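Shown below is the structure under consideration.
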Amino acid sequence: MNEFWTWFDQHKEDVVEAMTSRDETQMRDALNDIDRHLAGQSPGIGFLYGHDGKHHEFIATASGRVEYFDRVRAFVDSAPKIEGWKVVAFRQPSTDELELQHGHIPLTIDNIRFQAFPLDTGGHEIDLYVSPMSEENRPVMTQMAFVLVNHVLGEVAMAEHLARMNLRTESRIEMGVPVLPLRNLHNFLCGS
């Protein structure tokens, strides 16, 4: 792992330049370069770029694969201090505004409500109610809703607390079960 961090420290300015550019080819090339170096020394770990207002963030992710969670934690623990960077384990939960757009269809966390049902096998099943949704746009809404649930829950809570997710029309709301805004999902499932 130390070889990776040595390489990354030597190329951190190139990474920032690529990740903050609007050039998709430059960004893709930088991500491929990082992935190639990670795969050689830390298989199962991926990279996401973030910025918290002060520092660039190296977000180490297992892409939701629980079997790599310990590897991600060890990888982050092995990171040296890198000037201007913060190394973070896993995609973190967020209720920051995120708008997804597919064609003329926008979707934000404020357009989604949920009902949660605990499962005997552990975790929860959630029903999502997306506005506006039709049978015609259901496939696109399902994909965008999944991204927004992942945004709100973060990687660890998504893997540990969510067993199933369904997109439903509001006519299918189960009576007697609270219907809550999606921004409350992390607190509901994790208690914080």
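Which count do you get for residues in the range 92-104 that are loosely packed, with under 12 Cβ neighbours inside 10 Å, on the phi < 0 side of the Ramachandran plot and in a loop (DSSP other than H, G, I, E, B)? Working first, answer last.
Quick first cut of the range 92-104, residues loosely packed, with under 12 Cβ neighbours inside 10 Å only: 96-97, 101, 103-104.
So of that shortlist, the ones also on the phi < 0 side of the Ramachandran plot come out as 96-97, 101, 104.
Going one step further and asking which of them are in a loop (DSSP other than H, G, I, E, B), we end up with 96-97, 104.
Residues in the range 92-104 being loosely packed, with under 12 Cβ neighbours inside 10 Å, on the phi < 0 side of the Ramachandran plot and in a loop (DSSP other than H, G, I, E, B): 3 in total.
For Glu135, only one of the following conditions fails: (1) over 12 Å from Arg168 (Cα atoms); (2) without any contact (Cβ under 8 Å) to a residue 24 or more places away in the chain. What is its number?
Of the numbered conditions (1) over 12 Å from Arg168 (Cα atoms); (2) without any contact (Cβ under 8 Å) to a residue 24 or more places away in the chain, the odd one out for Glu135 is (1).
List the number of the failed condition for Met144; all other conditions in (1) surrounded by 13 or more Cβ atoms within 10 Å (Cβ to Cβ); (2) out of contact with any Leu (no Cβ under 6 Å at 6 or more places or on another chain) hold.
Unmet condition: (2).
So the check is Cβ under 9 Å with 6+ separation or different chains; which pairs have a first residue in the range 40-52 that's modelled with pLDDT of 90 or more and of a type in the set (Gly, Ala, Ser) and a second one that's buried (at least 17 other Cβ atoms within 10 Å of the Cβ) and assigned to a strand (DSSP E or B)?
So the pair list comes out as Gly46/Ile59; Gly46/Ala60; Gly46/Thr61; Gly50/His56; Gly50/Phe58; Gly50/Ile59; Gly50/Val88.
Further question on the same structure: Filter the range 20-69 down to residues that are over 26 Å from Met158 (Cα atoms) and hydrophobic (A, V, I, L, M, F, W, C) and give me whichever is surrounded by the fewest Cβ atoms within 10 Å (Cβ to Cβ).
That would be Met27.
Any residue in the range 85-104 that is over 14 Å from the mean Cα position of the chain (by Cα), modelled with pLDDT under 95, closer than 30 Å to Tyr129 by Cα and among the aliphatic types (A, V, I, L, M)?
No, the range 85-104 contains no residue that is over 14 Å from the mean Cα position of the chain (by Cα), modelled with pLDDT under 95, closer than 30 Å to Tyr129 by Cα and among the aliphatic types (A, V, I, L, M).
Separate question: May I ask you to list the residues in the range 105-122 that are within 19 Å of the chain's Cα centre (by Cα) and buried (at least 17 other Cβ atoms within 10 Å of the Cβ)? Quick ask: steps written out before the conclusion?
Kept after step one, since they are within 19 Å of the chain's Cα centre (by Cα), are these residues of the range 105-122: 106-114.
Selection gives Leu107, Ile109, Asn111, Ile112, Arg113, Phe114.
So is Asp9 surrounded by fewer than 16 Cβ atoms within 10 Å (Cβ to Cβ), free of Cβ contacts under 8 Å to residues at least 24 places away in the same chain and more than 16 Å from Ala89 (Cβ to Cβ) or not?
Numbers: surrounded by fewer than 16 Cβ atoms within 10 Å (Cβ to Cβ): yes; free of Cβ contacts under 8 Å to residues at least 24 places away in the same chain: no; more than 16 Å from Ala89 (Cβ to Cβ): yes.
So Asp9 does not fit the description; no.
Now for a different question. Tell me which residues, restricted to the range 84-105, are without any contact (Cβ under 8 Å) to a residue 60 or more places away in the chain and within 20 Å of Leu31 (Cα to Cα).
Selection gives Lys86, Val87, Val88, Ala89.
The values are calculated or read from the model by the stated rules, or taken from the named source; none is laboratory data. Here the structure is a predicted model, which means the values were calculated and not measured. Using ideal geometry, Cβ is built from the backbone for each residue, glycine included, and neighbour counts are taken over all protein chains shown.
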